[in-house]
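The next block holds one structure in the form of structure tokens; read it before the comments.
The values are calculated or read from the model by the stated rules, or taken from the named source; none is laboratory data. Since the structure is predicted, the reported quantities are computational estimates derived from the model, not experimental observations. Note that we place each Cβ from the backbone using ideal geometry, even for glycine, and neighbour counts take in every protein chain shown.
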Amino acid sequence: MSDIFLSLILGLVQGLTEFLPISSSAHLLIPSLLFGANDLGLEFDIAVHAGTLCAVIYFFKKDIKVYALSIFSSSSSYQSERRVAINLLIATLPIVFAGIFLNDLISQRLVTKELIAWSNIFFASLLLLSFYLSKKNKDIFHLSILMSLFIGCVQVFALIPGASRSGVVIMACLFLGLNLKDSSRFAFLLAIPTILGALIFLVGDSIAANLDIFNAQLFVGFITSALVAFFTIKYFLQFVERIGMTPFFIYRIFLGLLLIIL
């Protein structure tokens with residue numbers, strides 16, 4: 001398999017799985033297990049994460065503008081939006097501190113398919129449990145500072161390969177009683193500072209390693225992940241309340257078992 005074609009496949013996988021509650025790390029492992037594909041390395045991680053970051057920023061550009069204005073405006077008309085913006089910042093803090101203290105461990109990329117498989121199954125089960133136990137009677141404007149801090153602490157578990165960042169955030173929101181659409185929306189908005197922070201760490205590591213971040217396969221990965229991520233966010237938010245979390249649970253169980261078998 002050529003590196004360009006592999007970049008296309010992995011960019012598609014990253015764009016599709018970054019924002020679905022199904023674990024991107026589990027899917028990115030499959031090509032190497034099935035086809036013996038090469039690890040495209042740290043610089044490719046930077047490219048596809050940059051692609052998904054651009055996609056989510058573009059999708060929520062109007063919301064981001066309003067949230068930014070709310071922070072710097074004292075007008076009472078922005079009160080609800082200001083609360084959401086502050087809650088997003090608070091929910092980001094735990095994973096930032098975790099990333100700082102665990103950066104050396106994360107950069108070693110000590111990942112096994114067994115770890116990804118079992119964490120995938122475990123967190124998928126928790127996600128399903130949260131979906132059925134949740135009252136789903138709150139929206140994004142009902143979040144308090146303590147609730148946002150709880151979501152942020154739960155998001156730290158996303159550092160475990162196979163957990164799914166969007167999955168654990170949606171799970172935390174559901175346990176707090178948010179409806180499914182606003183749980184997903186908060187998870188996607190929270191992805192912006194979280195992915196940005198991850199990119200800063202990745203770029204820092206790439207500079208230290210003197211890596212080449214300008215080549216064709218990285219461009220392919222960036223464009224593919226950005227386009228696919230944009231449409232994933234769009235259609236997931238449109239249909240998530242209709243389909244619920246059960247299909248994602250079933251899929252992740254089969255995925256985890258497949259990884260164990262392989």
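Check ASP63 against each of (1) of a type outside the set (A, V, I, L, M, F, W, C); (2) surrounded by 19 or more Cβ atoms within 10 Å (Cβ to Cβ); (3) within 19 Å of SER184 (Cβ to Cβ) and name the one condition it does not meet.
(2)
Being farther than 23 Å from ILE233 by Cβ and either touching a helix residue (DSSP H, G or I) at 6+ places or on another chain (Cβ under 8 Å) or buried (at least 24 other Cβ atoms within 10 Å of the Cβ) (or both) is true for just one of ILE145, ILE170. Which residue is that? Show your work before the answer.
Details: ILE170 fails: farther than 23 Å from ILE233 by Cβ.
One residue alone meets the criteria, ILE145.
Suppose we keep only residues that are closer than 29 Å to PHE239 by Cβ and touching an Asp or Glu at 6+ places or on another chain (Cβ under 7 Å) within the range 1-55. Which one would you say is modelled with the highest pLDDT?
Ranking the qualifying residues of the range 1-55, first place goes to THR52.
Read through the list (1) modelled with pLDDT of 80 or more; (2) within 20 Å of the chain's Cα centre (by Cα), then give the number of the only condition that ASN103 fails.
(1)
Looking at PHE236, PHE230, PHE254, which one is out of contact with any Gly (no Cβ under 9 Å at 6 or more places or on another chain), assigned to a helix (DSSP H, G or I) and in contact (Cβ under 8 Å) with a residue 12 or more places away in the chain? Spell out the reasoning first.
On the way: PHE230 fails: out of contact with any Gly (no Cβ under 9 Å at 6 or more places or on another chain); PHE254 fails: in contact (Cβ under 8 Å) with a residue 12 or more places away in the chain.
So the residue among PHE236, PHE230, PHE254 that is out of contact with any Gly (no Cβ under 9 Å at 6 or more places or on another chain), assigned to a helix (DSSP H, G or I) and in contact (Cβ under 8 Å) with a residue 12 or more places away in the chain is PHE236.
Hand me the list of helices (runs of 4 or more DSSP H) wholly inside the range 87-176 holding 1 or more residues that are free of Cβ contacts under 8 Å to residues at least 12 places away in the same chain.
On the way: elements: 113-133, 145-155, 165-175.
In the range 87-176, the matching helices (runs of 4 or more DSSP H) lie at 113-133, 145-155.
Regarding the range 75-82, can at least one residue be identified that is surrounded by fewer than 16 Cβ atoms within 10 Å (Cβ to Cβ) and among the acidic types (Asp, Glu)? Explain how you work it out, then say what you get.
Filtering the range 75-82 down to residues surrounded by fewer than 16 Cβ atoms within 10 Å (Cβ to Cβ) leaves 75-77, 79-80.
Subset that is among the acidic types (Asp, Glu): none.
Scanning the range 75-82 turns up no residue that is surrounded by fewer than 16 Cβ atoms within 10 Å (Cβ to Cβ) and among the acidic types (Asp, Glu).
Are any residues in the range 123-138 more than 15 Å from the chain's Cα centre (by Cα) and buried (at least 16 other Cβ atoms within 10 Å of the Cβ), and if so, which ones? Before you say what the answer is, go through the steps one by one.
Step one: list which residues in the range 123-138 are more than 15 Å from the chain's Cα centre (by Cα), which gives 125-126, 128-138.
Scanning the range 123-138 gives LEU126, LEU128, SER130, PHE131, SER134, LYS136, LYS138.
Answer with yes or no whether SER144 is over 20 Å from the mean Cα position of the chain (by Cα) and under 22 Å from PHE97 (Cβ atoms).
Working: over 20 Å from the mean Cα position of the chain (by Cα): yes; under 22 Å from PHE97 (Cβ atoms): yes.
It is true that SER144 is over 20 Å from the mean Cα position of the chain (by Cα) and under 22 Å from PHE97 (Cβ atoms).
Here is a list: ILE200, ILE207, ILE213. Which entry is at pLDDT below 90, hydrophobic (A, V, I, L, M, F, W, C) and outside any helix (DSSP H, G or I)?
Values: ILE200 fails: outside any helix (DSSP H, G or I); ILE207 fails: outside any helix (DSSP H, G or I).
The conditions single out ILE213.
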